[in-house]
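Trainee: If you scroll down you'll find the structure; I have some questions about it.
The values are calculated or read from the model by the stated rules, or taken from the named source; none is laboratory data. Predicted model, so just to flag it, every value in this text is computed and none were measured. We place every Cβ from the backbone using ideal geometry, glycine too, and count neighbours over all the protein chains shown. Heavy atoms of the whole protein, side chains included, go into the accessibility calculation; ligands, DNA and RNA do not. Shrake-Rupley method; radii C 1.70, N 1.55, O 1.52, S 1.80 Å.
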Protein chains: 2
Amino acid sequence: MFEFAVEATHGAARAGRWTLPHGVVETPCFMPVGTQGTVRALSPRDLEAIGARIVLANTYHLFLRPGEETVAKLGGLHRFMGWPHPILTDSGGFQVFSLESLRRVSEEGVEFRSHIDGSARFLSPERAVEVQWTLGSDIAMAFDHVIPGQASREAAQDALDRTLRWLVRCKERFATLGQEAVSRQPSAISGALSDCGRPTADGPLADGPSQTLVPIIQGGTYADLRRASLEGILGAGDWDALAVGGLSVGESKAATFETLESLGPILPAGRPRYLMGVGFPEDVVGAIARGVDLADCVAPTRMGRNGAAFTDDGPVNIRNARHRDDPGPLDPGCDCETCTTFSRGYLRHLFAAEELLGLRLLSLHNVRYLIRLSARARAAIVDGSFEGWSREWLARYQAKEQA
Amino acid sequence: MFEFAVEATHGAARAGRWTLPHGVVETPCFMPVGTQGTVRALSPRDLEAIGARIVLANTYHLFLRPGEETVAKLGGLHRFMGWPHPILTDSGGFQVFSLESLRRVSEEGVEFRSHIDGSARFLSPERAVEVQWTLGSDIAMAFDHVIPGQASREAAQDALDRTLRWLVRCKERFATLGQEAVSRQPSAISGALSDCGRPTADGPLADGPSQTLVPIIQGGTYADLRRASLEGILGAGDWDALAVGGLSVGESKAATFETLESLGPILPAGRPRYLMGVGFPEDVVGAIARGVDLADCVAPTRMGRNGAAFTDDGPVNIRNARHRDDPGPLDPGCDCETCTTFSRGYLRHLFAAEELLGLRLLSLHNVRYLIRLSARARAAIVDGSFEGWSREWLARYQAKEQA
C-alpha cells in the first residue's frame, strides 16, 4: 500500500503509478479540488466520466461545516461525497494562514475565527491529523505554517522551523491513531467506526494502513531553506510521498520553477512529489517537466464559472460576442460532454442568460482539459517525446491571444 | 405524424402514445420546462437518464435572447439545446401578459418592453408562430390572451374572443410557412434551412409536417365560456392536440379541477390534452384523473433550487437541521442519481454550504419524481387500478407534514 512505481522518465519528468487504499493513480496527475466535499458544479459521475481518479477535499472547510464527526456519522468522506476513489485532504494550514486578521499563531497551533459564523476555533498539528483521520482520506497532509510568496528570509526560516516541529507532532499523533485502530481491529466495532477505526464506508482496497501522512516542504523561494526543510523532513521519518508547499502564493513563476529545479535532484526518486495549488495548464506542464507527479488547483472550476475555458490554443472567454453564432465546439480536440454536445454559441447563451448549466459545462471541460493534459504528458514521457511535445504544446498555447 | 393513440382508460384518466417528429411520448407525461433553452441546473443527459422524453422551451425568452435567428444559425432548437427528443414551445403569450405595466395590448398584438434591456418589442399571432417555426419545435402553441385567475366574466369573455381571432391568424401564418417550406423542399436549400424549411439539425423521425400548432382553450373559471372557447377552436380547424390555458394562475384548485371536469366530456377523445403550467405532484395526479395527458411546470426545478424535494410522504425541506446526520436517501423509493448516491446529510450540507451541486441534485430528483409519478399513473390506468392507486397515493402524500 502507498507504493509508488516510476515507470518511465524523460529528463526530470516522470511517469508513475501510485497505489492508494481506494485505487491506483497514474501520474503525472491533476487532482480536482472539492473544497467543501464537492468539486464545484460537478458530480462524482461527471468526475469519473472525465477520468478523474483522485480528488481533494479541504480539512479547514469540512472541520467547520459540517464537522468531521458528522462526516463520520454519514459513513466517512468517501461515502459522504459519493466518491469511491482516492481522496487527499489538505491540512487546513493554508486556509488558516490565509485568514490574516482573524488568526493568532502560537507554537501550540492556530486560533482563528470561523469565516462562517465568527466562532473561535483552533487547529493544531494534532487536531489537523485527527480531523483528517476521522474524515478518512487516503492521503492526509501535515499541518504547516504557510507564508506569502514574497516573505522575508527570516519569516521563511521561522515558518519552516515551526513546520518541522509541527511535523514531528503530526507524526506522533498519526502513529497513535494508527496503533489505536490496530488494537481495536480484532474486536467488533459498532457504528460508523468499522474500517481500521476510521469510517471509510466503502472500505480500502486491501489490508494495511488506510491513510498516509505527507509532509510539506516549506522555505519560500530560498533554495538553501528549501534544502534545509527537505533534510529536516527526511530526518524526521520515512514518508510515502513529499509535498512542495508555499508556492503559487504570490511569488514569480520563475521562482516557482527554480525552486522545483533546485529540489528535484535531492528529492527521493522513489516517492511521489505533490506540488500544491498549481493548476493553470502552462504551470502544470512546467511542473511535470520539473519532476512533479501530482498537482491540484481550483483554477479549472473557478475559471470555468467565470466563462474561461482552457484549449490548446490558449484560454477562450466564452462570454465574448464573437462566439454568439458559432456552431463549433468549445475545444475541437476535447472529448468531454461539453465539447461533444454543445456549440460555442449555446455555451455563450448559457452565460449570457446566467444559467447554471453553463457553470457546470465549462468546469467540466476545464477539469477534463487538465486531466487529459496530464495524460498526454504521461504518454509523451513513456514514449520519450515529452521534451518536444511540451515545447510544441506551449508554443501553440501561447501563440494567440484568444478572447 | 402527430397521431395520438389512446391505449387504455380508467374513469376519465387516459393512457396514450403521441407520435411526434422527434420521438414518441407516452402519456400521461410530465414535461420539464427549459425556459431559456435549458432545464435549469440539468443537462440533456441528466434528462434522458431520468426518463424525460419531451421538454418545453419558451418563445418569449428565446425571442429576446439569443433571438430565434441565432438559434437557427446554431442548427435549430434541438441541436442548440443538445436535445434530440420532442420539444414544445410556449407561444410567449403567458409571459407578455405577465409583464403588466410593461405591455400594451391591441388587436394587432402586444407591445412590450424586454425585461432584459428595456427595449421595445412586439409579439403578435403571426410573429409568435414565425418565431416558433424558426426555432423548430415539434409543438408550437397559438398566441393567446392570458388573464388572471380571478378575472371578471367580462374580461374572460374579451380575452377568449381575442384569443379566437388570434388563433385564426396563427393558423393562417402557420399554413403559409408550411406551404413555403414544401415549395422549397425539392430544391437544394443552403445553410441552416435544411429540414422542411426549418433548422432542426437532428431532423425529424419521418416525412411529413415537422411541427404542429396547438390552440389554447381560455375562458377563465366560467364553464360556459370554456365551452364557447372550445367550440370556437373546433370550428376554426382540425387540431392535433388541444391545450387548456389560463389555469394555475391564481384561481382555487377546486376551480381548476371543476374546469377540467366540465371540459372533459366535450373535448375530442382522440386528441391529446395539455394542461399548461401544472406541476405539483397532487395537481398532476388530480389532472390525470380528469383526463389530462400532458402537463408542464417549473415547480420541480424551482422547488429543488429552494431545497424542497417531492417524496411519496410529502415534500421534504432538505435544509432542515433534522437531516444533518441522516445517512438515508432523500427518497427511499426513488431510482435517481441523487437518491441512489447521496445521503440526506450530504444534501443538507450542500445547501448549507451553498454548493451548486445541491441545486442540481434536488432538481434532478424532483423532475424524476414527476416523471415517475406520471409513469406510475400510466401503469395504473393500463392495469385498471388507477382510482385506488391515486387515492392511496394522495392519502400518503398528504398524511404527514414533513419539514
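Trainee: Over all distinct Cα pairs, what is the inverse of the mean 1/r for segment B:295-403, reported as the Kirkwood hydrodynamic radius in Å?
Mentor: Details: mean 1/r = 0.0699 Å⁻¹.
Here the Kirkwood hydrodynamic radius works out to 14.3 Å.
Trainee: Another question, if that's okay. Which of these, A:Trp389, A:Trp18, A:Trp166, has the largest mean-square fluctuation under a Gaussian network model of chain A (Cα springs below 10 Å)?
Mentor: A:Trp389
Trainee: Using 0.36 nm per residue, how much length does the chain from B:Glu258 to B:Gln179 gain when fully extended, once their Cα-Cα distance is taken away? Please list the in-between numbers first.
Mentor: Numbers: separation 79, 0.36 × 79 = 28.44 nm, distance 4.01 nm.
The B:Glu258-B:Gln179 span can extend by a further 24.4 nm.
Trainee: For B:Glu282 paired with B:Arg17, estimate the spin-label separation in nm (one decimal), with each label point 7 Å from Cα along the Cα-to-Cβ line.
Mentor: Each label point lies 7 Å from its Cα, and together they span 3.5 nm.
Trainee: Taking a label point 7 Å from Cα toward Cβ, how far is A:Asp158 from its twins in the other copies, in nm, shortest first?
Mentor: When each copy's label point is compared with this one, the spacings are 7.8 nm.
Trainee: Using the Kyte-Doolittle scale, find the helices of chain A whose mean hydropathy is at least 0.5 and whose Cα atoms extend 24 Å or more along the helix's long axis, counting only whole DSSP H runs.
Mentor: On the way: long enough: A:153-184 (46 Å, -0.66); A:356-382 (39 Å, 0.83).
Both cut-offs are met by A:356-382.
Trainee: Please state, rounded to one decimal and in Å, the Kirkwood hydrodynamic radius that the protein assembly as shown gives when every pair of distinct Cα atoms enters the mean of 1/r. Don't skip to the answer; put the middle values down first.
Mentor: On the way: mean 1/r = 0.0344 Å⁻¹.
Taking every pair of different Cα atoms in the protein assembly as shown, averaging 1/r and inverting gives 29.1 Å.
Trainee: Next up: First compute the accessible area of segment A:312-376 with a 1.4 Å probe, then give the percent of it belonging to carbon and sulfur atoms. Could you put the intermediate results ahead of the total?
Mentor: Numbers: 930 of 2010 Å².
Whole-percent figure for carbon plus sulfur exposure: 46.
Trainee: What does the convex hull of the Cα atoms come to per residue for segment B:1-158, in Å³? Walk me through the numbers on the way to the answer.
Mentor: Numbers: hull volume 23.6 nm³, N = 158.
Cα-based convex hull of segment B:1-158, divided per residue, equals 149 Å³.
Trainee: A further question follows. Output needed for segment B:87-140: three equivalent-ellipsoid semi-axes, defined as square roots of 5 times the C-alpha gyration tensor eigenvalues, in descending order, whole Å. Walk me through the numbers on the way to the answer.
Mentor: Details: eigenvalues 84, 28, 19 Å².
Working through the eigenvalues yields semi-axes of 20, 12, 10 Å.
Trainee: Take the Cα pairs of chain A, get the Kirkwood Rh, then feed it into Stokes-Einstein at 20 °C and 1.002 mPa s and tell me D in µm²/s.
Mentor: For the chosen part, D equals 99 µm²/s.
Trainee: Still on this structure, I have one more. How large is the accessible surface per residue of the protein assembly as shown, computed with a 1.4 Å probe and reported in Å² as a whole number?
Mentor: Details: 29530 Å² over 806 residues.
Averaged over the residues of the protein assembly as shown, the accessible area is 37 Å².
Trainee: Still on this structure, I have one more. Any idea which of A:Leu359, B:Gly51, A:Met1 is furthest toward the positive side of the dipole for the protein assembly as shown, if Lys and Arg beta-carbons carry +1 and Asp and Glu beta-carbons -1?
Mentor: Result: A:Leu359, furthest along the dipole toward the positive end.
Trainee: Quickly work out the A:Asp335-to-A:Val168 label distance, labels modelled 7 Å from Cα along the C-beta direction, and quote it in nm with one decimal.
Mentor: About 5.0 nm, to one decimal.
Trainee: Treating only the Cβ of Lys, Arg, Asp and Glu as charged (+1, +1, -1, -1), what charge dipole size does the protein assembly as shown show about its Cα centre? Round to the nearest 20 debye.
Mentor: Once rounded to the nearest 20, the dipole reads 580 debye.
Trainee: Also: Measuring from a point 7 Å out along Cα→Cβ, what nm distances, shortest first, does A:Leu99 have to its partners in the other copies?
Mentor: So the distances to the same position in the other copies read 5.1 nm.
Trainee: Run the reach check for B:Lys400 against aspartates and glutamates, Cα to Cα strictly under 17 Å, same-chain hits fewer than 8 apart removed. What comes back?
Mentor: Partners within reach: B:Glu282, B:Asp312, B:Asp313, B:Asp331, B:Glu392.
Trainee: Report the accessible surface area buried between chains A and B, summing both sides, using a 1.4 Å probe on protein heavy atoms only, in Å² rounded to the nearest 100. Intermediate values should be presented prior to the final figure.
Mentor: Working: alone 16440 and 16420 Å², together 29530 Å².
The buried area between A and B, both sides summed, comes to about 3300 Å².
Trainee: Using +1 on the beta carbon of Lys and Arg, -1 on that of Asp and Glu, and nothing else charged, what's the dipole of segment A:272-403 about the Cα centre, debye to 20?
Mentor: Values: 17 positive and 17 negative charges, 38 e Å.
Its charge dipole is roughly 180 debye.
Trainee: Another question about this same structure. Before anything else, pin down the relative contact order of segment B:255-375: Cα pairs under 8 Å, at least 6 apart, normalised by residue count, whole percent.
Mentor: On the way: 169 pairs, mean separation 29.8, N = 121.
Value for segment B:255-375: 25 percent.
Trainee: For segment B:255-351, compute Rh as the Kirkwood radius over C-alpha pairs and then the Stokes-Einstein diffusion coefficient at 20 °C and 1.002 mPa s; write the answer in µm²/s, rounded to an integer. Before the final figure, lay out each step's value.
Mentor: Details: Rh = 15.3 Å.
D, rounded to a whole number, is 140 µm²/s.
Trainee: Give, ordered by residue number, each residue of segment A:320-360 whose 1.4 Å probe accessible area is reduced by a minimum of 50 Å² on adding the remaining protein chains to the chain alone.
Mentor: A:Asp325, A:Glu337, A:Tyr346, A:His349, A:Glu355, A:Leu356, A:Leu357, A:Arg360
Trainee: Moving on. Roughly speaking, what is the centre-to-centre gap between segment A:49-123 and segment A:371-395 when only Cα atoms are used, to the nearest Å?
Mentor: 34
Trainee: For segment A:263-318, with only Lys/Arg (+1) and Asp/Glu (-1) charged at the beta-carbon, what is the dipole magnitude about the Cα centre, in debye rounded to 20? Numbers along the way, then the final one.
Mentor: Values: 5 positive and 6 negative charges, 51 e Å.
With Lys and Arg at +1 and Asp and Glu at -1, about 240 debye.
Trainee: Taking the label point as lying 7 angstrom from Cα along the Cα-to-Cβ axis, what are the distances from B:His115 to the corresponding position in the remaining copies, in ascending order and in nanometres?
Mentor: With the label placed 7 Å along Cα→Cβ, B:His115 yields 3.3 nm.
Trainee: Sorted by accessible area with a 1.4 angstrom probe, largest first, how do B:Asp138, A:Asp240 fall? Walk me through the intermediate numbers first.
Mentor: On the way: B:Asp138 0, A:Asp240 50 Å².
The ranking, largest first, comes out as A:Asp240, B:Asp138.
Trainee: A follow-up question, please. Can you figure out the FRET efficiency of B:Arg227 with B:Arg322, using R₀ = 51 Å and their beta-carbon distance, to the nearest 0.05? Intermediate results must be reported in sequence, preceding the final value.
Mentor: Working: r = 50 Å, r/R0 = 0.97.
Efficiency at R0 = 51 Å is approximately 0.55.
Trainee: Once the piece of chain linking A:Ala395 and A:Ala269 is laid out straight, how much longer is it, given 0.36 nm per residue of separation minus the C-alpha distance between them? Numbers along the way, then the final one.
Mentor: Values: separation 126, 0.36 × 126 = 45.36 nm, distance 2.96 nm.
Result for the pair: 42.4 nm of gain on full extension.
Trainee: With all protein chains present, how much of the accessible area of segment A:1-130 (probe radius 1.4 Å) comes from carbon and sulfur, to the nearest whole percent? Walk me through the intermediate numbers first.
Mentor: Working: 2020 of 4430 Å².
Whole-percent figure for carbon plus sulfur exposure: 46.
Trainee: Further question on the same structure: Under 8 Å for C-alpha pairs, at least 6 residues apart: give me the relative contact order for chain B, rounded to a whole percent. Provide the component values of the computation, followed by the final result.
Mentor: Numbers: 815 pairs, mean separation 76.2, N = 403.
Contact order relative to length: 19 percent.
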